[in-house]
Amino acid sequence: MASAANACSPSFSAANSSVSKPKALSDFYLRFRNINALSLRSKRVGLPVLSFSRIRSPRISASSPQVMDQSVGEASSKAPTIVEVDLGNRSYPIYIGSGLLDQPELLQRHVHGKRVLVVTNNTVAPLYLDKVVDALTRGNPNVSVDSVILPDGEKYKNMETLMKVFDKAIESRLDRRCTFVALGGGVIGDMCGFAAAAFLRGVNFIQIPTTVMAQVDSSVGGKTGINHPLGKNLIGAFYQPQCVLIDTDTLNTLPDRELASGLAEVIKYGLIRDAGFFEWQEKNMPKLMARDPSAMAYAIKRSCENKAEVVSLDEKESGLRATLNLGHTFGHAIETGFGYGQWLHGEAVAAGTVMAVDMSYRLGWIDDSIVKRVHNILEQAKLPTAPPETMTVEMFKSVMAVDKKVADGLLRLILLKGPLGNCVFTGDYDRKALDDTLCAFCKS
């Protein structure tokens, strides 16, 4: 964009709008190869420098084979698929299937004590709160359940709303033997998990995600927290649940826009580490958009397998786990700069993914066929491929300067490099490519 050339000429800086290139060996650089090169069982491996060709991944148990199957099996309405997040004595299962809220034993085996607090919102509560209470108490009369119903939306993911959870827990005189249950999407899961981590310095909690976004991403891995006016998810903790229960029937009431938003995270897994899964998505996106139960169950399972594998190797995001943030640095800037809740998280991530892919191409790290495929699949999913027109270069730079991946004033990004399914987490890139990408997508 010629009109933006002068405004965009300075190099981006996380510290002062001018980040110098990193010194040799001072940068953290990771490259990852296709998941199919991995064994599916291993012991924990230390970081900081990783290559997928040399890592043995953790235990993942599931009812279906790990090898990519181009066909989609029938979704079970009885026995759940189980994917395990292997974290030693803090390991936990992800249950995936239809009708799981009608199987009370799944939830009850993970409840500690006799007191439960269900945290949900005013959209989900009328739909599923009674069913969850029944699942927690059926045949188990000694358990009592309280609930707190929060307002729905990203703009409420803040300290003021979080205090309502603490207020209810304290008023109900819950003790350290209680269990918090998150019933809802990513916002509820993040806030409930953070509340569980902080209340009495840590109580048991369970995730029951009801959106695609939460089922394939945010409910798995123990990231919890709230937003700050200056940046997204800047206040929080790593705190793992006792289990994640994904009843795919809850997607029947999910609005189309929320469905599409969640698919942005599904697409991400294919781009960064699972090329076969991306190819499957290209063939099956119409089925996913039509909520085909078998296709949706498969996409959720495969996404959870990818997420569980990464979390098991790098729980607290010292390197490998950061690659799950493809598109998120740009996307979080959109959410913060444009206003929390104006765009859904997945919509912002989709636009951010296009920007990350554009930058990867400008660096010469990928060919234009990948750029086209990313545009095509996002358009199939009815997701945006550019940020809001009101976003400026300076807005992006201001928010990205306080991104969680900034280290010593250096903005590290997740970018694609090499064949599909490969990515890097690095600050070792030509700053001009970042400036050019921002200028290409912004007015000034």
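The values are calculated or read from the model by the stated rules, or taken from the named source; none is laboratory data. Given the structure is predicted, the values throughout are model-derived calculations rather than measurements. No Cβ is skipped: glycine too gets one built from the backbone with ideal geometry, and neighbour counts run over all protein chains shown.
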Scan region 182-194 and give yes if some residue there is within 19 Å of the chain's Cα centre (by Cα), surrounded by fewer than 21 Cβ atoms within 10 Å (Cβ to Cβ), part of a strand (DSSP E or B) and on the phi > 0 side of the Ramachandran plot, otherwise no. no
Working only within region 255-297, note down all residues that are within 22 Å of Gly421 (Cα to Cα) and part of a loop (DSSP other than H, G, I, E, B). Asp274
Go through the residues of region 362-384 one by one and say whether even a single one is crowded, with 22+ Cβ neighbours inside 10 Å and within 13 Å of Ala440 (Cα to Cα). no
Thr390 vs (1) under 19 Å from His332 (Cβ atoms); (2) in a loop (DSSP other than H, G, I, E, B); (3) under 25 Å from the mean Cα position of the chain (by Cα): all pass except (3)
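Let's see how each residue does on (1) buried (at least 21 other Cβ atoms within 10 Å of the Cβ); (2) among the acidic types (Asp, Glu); (3) touching a strand residue (DSSP E or B) at 6+ places or on another chain (Cβ under 8 Å):
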{"position": "Glu305", "(1), (2), (3)": "yes, yes, yes"}
{"position": "Val310", "(1), (2), (3)": "yes, no, no"}
{"position": "Leu313", "(1), (2), (3)": "yes, no, no"}
{"position": "Gly319", "(1), (2), (3)": "no, no, yes"}
{"position": "Thr323", "(1), (2), (3)": "yes, no, yes"}
{"position": "His328", "(1), (2), (3)": "yes, no, yes"}
{"position": "Thr336", "(1), (2), (3)": "yes, no, yes"}
{"position": "Tyr340", "(1), (2), (3)": "no, no, yes"}
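Suppose the filter is touching a residue at least 24 places away in the same chain (Cβ under 8 Å) and surrounded by fewer than 20 Cβ atoms within 10 Å (Cβ to Cβ); does Leu200 pass it?
Values: touching a residue at least 24 places away in the same chain (Cβ under 8 Å): yes; surrounded by fewer than 20 Cβ atoms within 10 Å (Cβ to Cβ): yes.
Criteria met by Leu200.
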How many residues of region 423-444 are of a type outside the set (Asp, Glu), surrounded by fewer than 20 Cβ atoms within 10 Å (Cβ to Cβ) and part of a loop (DSSP other than H, G, I, E, B)? The answer is 2
Region 163-191 residues that are within 26 Å of Val220 (Cβ to Cβ), paired with ones that are charged (D, E, K, R) (beta carbon under 6 Å, 6 or more apart): Leu174/Arg115; Cys178/Arg115; Val187/Glu154; Val187/Lys157
On the basis of being of a type in the set (Lys, Arg), under 21 Å from the mean Cα position of the chain (by Cα) and over 15 Å from Pro241 (Cα atoms), does Lys157 make the cut? yes
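Table: residues versus (1) closer than 18 Å to Leu129 by Cα; (2) part of a loop (DSSP other than H, G, I, E, B).
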| residue | (1), (2) |
| --- | --- |
| Ile208 | yes, no |
| Asp217 | no, no |
| Val220 | no, yes |
| Asn227 | no, no |
| Pro241 | no, yes |
| Thr250 | yes, no |
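Find the residue count for region 139-169, including only residues that are small (Gly, Ala, Ser) and under 13 Å from Val118 (Cα atoms).
Step one: filter region 139-169 for residues small (Gly, Ala, Ser), giving 139, 144, 147, 153, 169.
Keeping just the survivors that are under 13 Å from Val118 (Cα atoms) gives 144, 147, 169.
So the count comes out to 3.
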List, please: which pairs have Cβ atoms under 6 Å, are six or more places apart or on different chains, and start with a residue in region 96-109 that is β-branched (Val, Ile, Thr) and end with one that is not in a helix (DSSP H, G or I)? Ile96/Pro80; Ile96/Thr81; Ile96/Ile246
Please determine whether any residue of region 320-327 is outside any helix (DSSP H, G or I) and in contact (Cβ under 8 Å) with a residue 60 or more places away in the chain. yes
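Does Glu389 qualify as being at pLDDT below 95 and farther than 23 Å from Ser219 by Cβ? Before you say what the answer is, go through the steps one by one.
Values: at pLDDT below 95: yes; farther than 23 Å from Ser219 by Cβ: yes.
In short, yes.
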